[in-house]
Amino acid sequence: MLKYFCFLFLFFASCSEYDIRKFRSPEIEVSPNSHNFGKVFVSDSSDADILIKNIGDDILDIRSIELRGSLDSFSIDAPDSAELEPGEELLFSAEYAPNIYESNTSEVVIKSNDRDERTVVVELIGAGSAPVISITPDYFDFDTVELGCEDSISINVKNVGDVDLEITDIDFLSTIPSDFNFNDFSNHVASLPIILEQDESFDIEFDYIPTDLLNDAGVISFHSNDPIRPVASANQIGMGEYGVFLEEIFVQDEIIDVDILFVVDNSGSMASNQINLIDNFSSFINIFSAAGADYRIAFITTDSPSFVGSTFVTSLSPDPIAESISLISSIGTFGNPDEKGIRQAYDATQPGGDAGVYSGFLRTDARFVLIFISDEGDFSTAVTPADLTSHALSLKSTSDLVAAHAVAGDYPYGCSANGGAFFGSGYYDVVSSLGGSFISICSADWGIDLEEVARDSVLSGKFTLSTPAIESSIEVYVDSLPSSDWYFEESTNSVVFNTPPPVGSEISIIYSTWEC
């Protein structure tokens, strides 16, 4: 018995140190087991301490400390691994830095050799706080809209964050010409800054009215205190298209009534030019006769607004050609070398003048045609080419009843053949403004050119459309052949020919309108 007791004593004495180590263990304690950072303003951050302690009686082997979840909003500064003696602590921090207005969660996962809790999880919770601008729609395609027609949208601007949104500026850029329009844009700009509380919004009414066939693009930008999108934009695109096409057909008729005032230079260098006018005058007047036009022709000089011979020639005169040539022959070449044709034409057509509205020369419904003949520029004082142009237009109800032509020195330096001539400055400006022919006085024969002037005087070169036309859509045909010898006069909604179509021709004008 004693022998057995001694054996047990010796056994435990030899094994006690091993057994004591066998029953020692590490014990992990983590605090806190969760942390709520609450609301943190976007672009700010908040920290929290996490403490790991070994409350066991053996070495705690922390094998990993990892973050799992919203890695873009949370971070930790813990070591990858560590060993803690009994009673030793490890302190590290977790940071929450929200990027946007939203709620975030994450977990700190700690793995160790604790036999009971090999994995400990610390829950992290946070919420980003910020003003957030929302624009609806932020992109809109109007697709195709008929020119001159309107399509509209309403752009809603809203604060979908939890902090007051402050809009400090609104600007708009677009392709040129801009076919976009904000009905109340200026009102909103005048109200800046605009403060929107959470879920508060306002609308901007936005119109698209295309004026051409080009692609249009616009962008409206809102500058605010949104920390993520300090400049938020909405884009718009669209394109115009032609709507319904109309066709109008006109037949060229003669203008029966025409009143023609010649302004002839009577200075010393004009002898050969006056002869040239006499030689070609029959060609000129025969056009009127052939057309059956009711005409009146008068002559003044660059010295005087009074009619040469104190009379005028009409289609009822016994011999219009002979009478006209007689008047031209009496003009002479003893006038002032400083020609003032523009001034004389202006004065002649004033009330009380020989060609004034009460003189019996100008008729209300007749076309008024001015023809200047001079080998020098105009030296008028007090009356400019623009003055004469405006005055001539004021005499008639429509610009189609007014025209001006000139036989003068070539633009812009004059000419040298057949006696030569200086540039017909002043006269050139009137002709350009009123739409007529500028004939070189240095030509050996003016016959063909004067025939064209006569033809232009008795034919209509202007055709007014019944519905407002889109200029870029217009196509013109004369006797079924396409024509480019015209321009569009927007103020009168008319197609104006540079050279009037021949008598009896059919003019077809096809166009799209601004009317929806």
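Key figures for this structure:
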{"item": "Two-site label geometry, residue 156 and residue 93: point separation in nm, points 7 Å out along Cα→Cβ", "result": "4.2"}
{"item": "For the chain, the longest site-free run once trypsin sites (Lys or Arg not before Pro) in DSSP loop states with at most 12 other Cβ atoms within 10 Å are removed", "result": "119-516"}
{"item": "Global form of segment 23-129, assessed from the alpha-carbon gyration tensor, a/c cut-off 1.5", "result": "prolate"}
{"item": "Stretch gain in nm, segment residue 127-residue 489, where the contour uses 0.36 nm per residue and the Cα spacing is subtracted", "result": "123.7 nm"}
{"item": "Between helix 271-291 and the chain: long-axis angle, C-alpha atoms, 0 to 90°, nearest 10", "result": "80"}
{"item": "Dipole of the chain, positive direction: furthest Cα of 206, 228, 331, with charges on the beta-carbon", "result": "331"}
{"item": "Computed magnitude of the charge dipole of the chain (debye, nearest 20; Cβ of K, R +1, Cβ of D, E -1)", "result": "580"}
{"item": "Difference of contour (0.36 nm per residue) and Cα-Cα distance, residue 47 to residue 202", "result": "52.0 nm"}
{"item": "Local electrostatic count, residue 173, Cβ distance below 15 Å [Lys/Arg +1, Asp/Glu -1]", "result": "-4"}
{"item": "Degrees separating the helix 320-329 axis from the principal Cα axis of the chain, which is the longest one", "result": "90"}
{"item": "The chain - percent relative contact order, Cα under 8 Å, separation 6 or more", "result": "11"}
{"item": "Difference of contour (0.36 nm per residue) and Cα-Cα distance, residue 29 to residue 464", "result": "146.9 nm"}
{"item": "Helix 385-394 axis, angle to the chain major axis (alpha carbon atoms, nearest 10°)", "result": "80"}
{"item": "For residue 219, net neighbour charge (Lys/Arg +1, Asp/Glu -1) across residues whose Cβ lies under 11 Å away", "result": "-2"}
{"item": "Computed E for residue 363/residue 149 - FRET, C-beta separation, R0 56 angstrom, nearest 0.05", "result": "0.80"}
{"item": "Anisotropy class of segment 173-246 from Cα gyration tensor, a/c 1.5 cut", "result": "prolate"}
{"item": "Paramagnetic reach from residue 235 (point 7 Å along Cα→Cβ, amide N under 12 Å) across segment 155-175", "result": "none"}
{"item": "Zone residues, segment 488-506, relative to residue 174, backbone N less than 14 Å from point 7 Å out along Cα-to-Cβ", "result": "none"}
{"item": "Residue 85-residue 116 pseudo-label distance in nm [points 7 Å out on the Cα-to-Cβ vector]", "result": "2.4"}
{"item": "Under 13 Å, Cβ to Cβ, from residue 447 - net charge with Lys/Arg +1 and Asp/Glu -1", "result": "-4"}
{"item": "Theoretical FRET efficiency, 1/(1+(r/R0)^6), r = Cβ-Cβ of residue 448 and residue 386, R0 41 Å, to 0.05", "result": "0.85"}
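FYI, it's all coordinate maths here, none of it is from the lab. Not measured: the values here are computed from a predicted model. As a convention, Cβ positions derive from the backbone with ideal geometry for all residues, glycine included, and neighbour counts pool all protein chains shown.
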